[in-house]
Amino acid sequence: MPEKYHIKTQPIPPRRPRIGKHGVVDWREDCARCHNCVKKACVYDRYRQEDEYLRKLSDVDSLFFDCMGCFSCVQDCTKNILRLTINPEYERLGNRYWKPDIIKTTWLQAETAKIPVSGAGYRGPFSGQGFDSMWTDMSEIVRPTRDGIHGREYISTSVDIGRKLPFLALNGSQSAAALPPLVSIPMPLIIDLSSPAHTLPKLDPLIEQTAADTGVIAIMDSRYRPAKDGHLENIAFFLSPDSPPVPDELLRKTRLVEIADSPAVVERIKAIKKIHPKIVVAIRVELTTAGIGRAIELAGLPEVEVIHIVADANGNELTTQKPRFLKDMTRQIHTALVEKGIRDEVTLMAGGGIALPEHVAKAIICGADLVTINLPLLVALECHLCDSCRPGTPCPARLEKIDFNYGVGRMTNLIAAWHDQLIEVMGAMGMREVRRLRGDVGRAMFFENLEEETFGKLYGKRKTD
Amino acid sequence: MVKEKQIEDILPENTLKTRVPQEQVPRVVKPAPSRYRNEIAKYIVHRSLDCERCGKCIEVCEFGVHVRKPGFKYFSEPNHHLCIGPNCEKTGHYCVAHCPKGALQIRENPMYKVLGDFRWPADLILATWKMAETGDVPPEAYDYDYEGGNSGGGFDRLRFKFPKQPPVKLREDQIDTSILLNKRGDGRPEIRIDVPWYGGGMSFGSVSNVTQLSKARAAVAFNTFTCTGEGGYMERMRPYDDHVITQVATGLFGVREETIQRVPIVEFKYAQGAKPGLGGHLLGDKNTPAVARMREAVLGISLFSPFPFHSVYSIEDHAKHIDWIKHVNRRALIATKVSTPTDVDMVAVGSYSAGTHIVHIDGGYGGTGAAPDIAKKNIAMPIEYAIGKVHNFLAAEGVRDKVTLIASGGIRTAHDIAKAIALGADGAVIGTSELVALGCVRCSRCESGRGCPRGIATTDPELSAKMDVEWGTQRIINLYSAWQKILVGILQRLGLRSVSELRGRTDLMMHLDYTNDVPAKT
């Protein structure tokens, strides 16, 4: 039996006090000092450490916010002096796209490496923007699975990056043409360059180690030099026109390299291939208004192997007032390539706005071969995404004081949890291979289609917002 | 319901021997106040030090908010939860306006926004509590929005188009809310339930036995059903056998010949809306000695139900399962619970052809004792889309009137039930609402540690003792009673004589996000 892909994890508790959603406000002056105080009855025993906690207050920004919000103490207090509140610090986490709930669940996964499980049904809005406007499908009775019954351990999440031949020309029993190089990684995930707003040079060695531990690839600035030569397999240098070149001997030890898009992109690929013929070259295409057209154009060139489309951190199109979302842009590119009959020849990596594990599955359903992420890993290190990473501004997560093992452990945990969740949704879909999920929109349901089929027919046109 | 005589004719001898006398529960509404000392209020009344204790506020308030106990000089803490808020100004009984010293203030309780969520806003939770307490529709003065939630789609954006005058004037007692569960005409009992809903499957393990018993007793009172869920059949449920559905799910926990033979309905659970395609999962902490004994499992280990039934790869396999149950229990109706994939319509028709009496579709936003967050939100479609799809497909196949279609998964209110029926279902299965009636605040902590801190979804003996069966039964009876009134009210305003006349009447509704200018088909 071949070795299974398994990420080793261990619980890594947070460095900073937890920022919970709920807190209890206590009007102590009215307290009757009952012997059967409700605080003693807290199911979660949240009050036990309260006195000690208040005495120490080592972190002034951390209040007592580890409450689970069950209202039991509030409703049972003899003097009715307890109130439940939402932690304002919690509400300040993240931004409109990276909502506090996303930050919280990412922290939890980075700590435990487990799939978040909770009771009661779904609590959120019916649908939403972007990835929230689609649902993944599942299989039942009439087609118990698409690929046959199998255990979770048989679901493969590995993907191949590179150009594939449209067909094999055989010369006898041999292929007539040399097969193009392919890079296989065990999970459809690549760690992208840190966004300029969040660049923290100290994090690079941690990312390097995380990529090596999880078997994925991290895209790094061309100036970066890994701590271990053995890690070069898990590093893809990014070569922008103005960045210094990577020494040939280093480049030869890597499997993937990314270059910025430019008019001379074909020459650039040829030059790199001259140094290292077995390397796979990805082209980074920013999803500006011209991005989709450019990605489709590039895919038609025989030299192009991998296209990495990148939206902004919230998954939106760049440089436009009315941006489209990554999901729709990926679908558009994928569909255009399918129509041209060249979809299988190039690999499409999609990045920007991938914030939750379901986004991985959904982006792949929309046509990406794999996704690239950066911010979730930063959040795994307890970043609040407060967007104030400027010299002289104190970081609320104290990222500058980060410990190597802590950082690697948290990022690895997050990737492991995402991997497990990807397998869960694939298991529900009855898919055995993530490669076969690519562009399989039959495994998804889209809000606009369901609305039209259900309510459009009955109640006319949907009013635009 | 099946009469005793019939049962004697068809029950196997050994079941008759072990059958216990069936207990009756009267359908009587009685007050069942909250079991907590402090009610959560929508508004807070604040009395400043300017108060001269003249007592004017007590005089004017119609709701008993202000209290001064006899012989006391000072006022007690106001009954905040009884206050109807600034809307009171229109009534002329607004204490704030009448206070000669301007010492009173009323403002929204900041704690109110902590309670609830998009699907179950605070208003809906409090209104459900109110209904469970009084057995009646919440008083209009409180202005609770108890039709649905704030999720911004599905039921929450559908509304009934009530005519100014009902086309037919009907008295409440002329309106029939019952539905037939066996439409196949196959000689099995034609079971009719008095209300178009029954209780969803919640296993002993995921909820306490008090919760299960309360649900069962309320089902008896309303001549409807409750379901064991996948966790076995408690001996204490036996006096309610005639109103219990035995669930056969993939783990087959607690499924024995006798538990199949005791009941009038057996339900196959293929998937659950909240975690479709993932199977069931009872975390180790909740596998207490009692649970382990009933499930014939090892104490303290997590219990998984696999997905799917490893013996069902096709409709033919499904038919084989149904035949098995029908053979074991010759009076049983078969319900098939499935979730809502793209081809839910095919599943439903297939299930009908396999011999099921009830097709039960469970939408993605349904309740659960524990499910991965990724599954709750993302897998399978919401029930609002699935109902019409299945209803229309069954009709197109010419079998719509041969099968009962039951919808669940995110049905929270009587209005939701009516809307689900108008979309094409015959009835609904409800679960979370019953738990809210018992005091659930939807904190989502059913799964961990000792389980529900409110003593509902837990097997911890200390926590389960927070509630007793009498009170629990009464709360659910009261909720059912209020819902029945609401439902009758809806039918009355629409001029419909029975709830089955509402089925598939999408023309009686409108969608707030649409132009609603499609001419009605005649």
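Please treat every number below as a calculation from the coordinates, not as lab data. Keep in mind it's a predicted model, so treat the numbers as computed, not measured. Cβ atoms come from the backbone with ideal geometry, glycine included; neighbour counts cover every protein chain shown.
See the values below:
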read-out	value
Net charge contributed by nearby residues that have their C-beta within less than 10 Å of B:ALA132 (K/R +1, D/E -1)	0
Dipole magnitude (debye, nearest 20) for region B:43-114, charges at Cβ of Lys, Arg, Asp, Glu	160 debye
Nearby aspartates and glutamates by direct alpha-carbon distance to B:LYS326 (threshold 14 angstrom, same-chain neighbours under 8 apart not counted)	B:ASP186, B:GLU257, B:GLU258, B:GLU267
Whole-Å distance, taken between Cα centres, linking region B:475-522 and region A:203-269	62 Å
Over 28 Å between alpha carbons, listed pairs A:LYS461/B:LYS485; A:LYS202/B:LYS377; A:LYS104/A:LYS362	A:LYS461/B:LYS485; A:LYS202/B:LYS377
Lysines with Cα under 20 Å of A:LYS4, excluding same-chain neighbours fewer than 8 positions away	A:LYS114
Relative contact order for chain A, counting Cα pairs under 8 Å that sit 6 or more residues apart, in percent	21 percent
Listed residue pairs exceeding 31 Å between alpha carbons, taken from B:LYS113/B:LYS164; B:LYS183/B:LYS419; A:LYS457/B:LYS275	B:LYS113/B:LYS164
Prolate/oblate/rounded call for chain B, Cα gyration tensor, a/c under 1.5 rounded	prolate
Within region B:49-93, chymotrypsin sites (Phe, Trp or Tyr not before Pro) in DSSP loop having at most 11 other beta-carbon neighbours inside 10 Å	B:PHE72, B:TYR74
Beta bridges per DSSP with both ends in the protein assembly as shown, % antiparallel, nearest 5	35 percent
Estimated inter-spin distance, A:SER262 and A:ASP242, nm [label 7 Å along Cα→Cβ]	1.2 nm
FRET E, pair B:PHE75, B:VAL469, Förster distance 41 Å, beta-carbon r, rounded to 0.05	0.60
Nearest-0.05 FRET efficiency for B:ARG171 and B:ARG192, computed from C-beta distance (R0 22 Å)	0.55
Bins of 10 Å, starting at 0 and running to the largest distance - Cα pair percent for the protein assembly as shown	2, 10, 19, 22, 19, 15, 8, 3, 1, 0, 0
Relative packing of A:255-262, A:22-29, which averages over residues the other C-beta atoms within 10 Å, highest first	A:255-262, A:22-29
Residues of type lysines that B:LYS56 reaches as a straight line, Cα spacing below 30 Å, ignoring anything fewer than 8 places off in the same chain	A:LYS79, B:LYS42, B:LYS69, B:LYS73, B:LYS90, B:LYS101, B:LYS130
Estimated [θ] at 222 nm from DSSP helical runs (n ≥ 4, -39500 (n - 2.57)) normalised by residues in chain A, nearest 500	-8000 deg cm²/dmol
Shape of region A:152-451, Cα gyration tensor, a/c cut at 1.5	rounded
At 1.567 mPa s and 4 °C, Stokes diffusion of region B:43-114 via Kirkwood alpha-carbon radius, µm² per second	104 µm²/s
Cα centroid separation - region B:63-83 against region B:292-312, whole Å	53 Å
Cβ-placed point charges (K, R +1; D, E -1), dipole of the protein assembly as shown about Cα centre in debye, nearest 20	1300 debye
R0 of 60 Å, Cβ-Cβ distance A:ASP403-B:GLU235: FRET efficiency to nearest 0.05	0.60
Mean separation of Cα contacts under 8 Å, 6 or more apart, over the residue count of chain B: relative contact order %	19 percent
Cα-based shape type of region A:112-251, given that a ≥ b ≥ c are square roots of the gyration tensor eigenvalues and the cut on a/c is 1.5	oblate
Relative contact order of region B:233-325, defined on C-alpha pairs under 8 angstrom at six or more residues apart (%)	27 percent
Amide N proximity, region B:137-168 versus A:ARG462 label position 7 Å along Cα-to-Cβ, cut-off under 16 Å	B:151-158
Exposure proxy order (Cβ contacts within 10 Å, fewest to most) of B:MET237, B:MET467	B:MET467, B:MET237
Full-extension gain in nm, A:ASN80 to A:LEU318, via 0.36 nm per residue minus C-alpha separation	80.4 nm
Sum of -39500 (n - 2.57) over DSSP H runs of 4+, divided by residues of chain B (222 nm, nearest 500)	-8500 deg cm²/dmol
Square roots of 5 times each gyration tensor eigenvalue, C-alpha, region A:352-465, largest first, Å	36, 21, 10
Angle between chain B longest axis and helix B:383-396 axis [Cα atoms, degrees, rounded to 10]	40 degrees
Region B:299-389: mean projected area of Cα convex hull, nm²	7.6 nm²
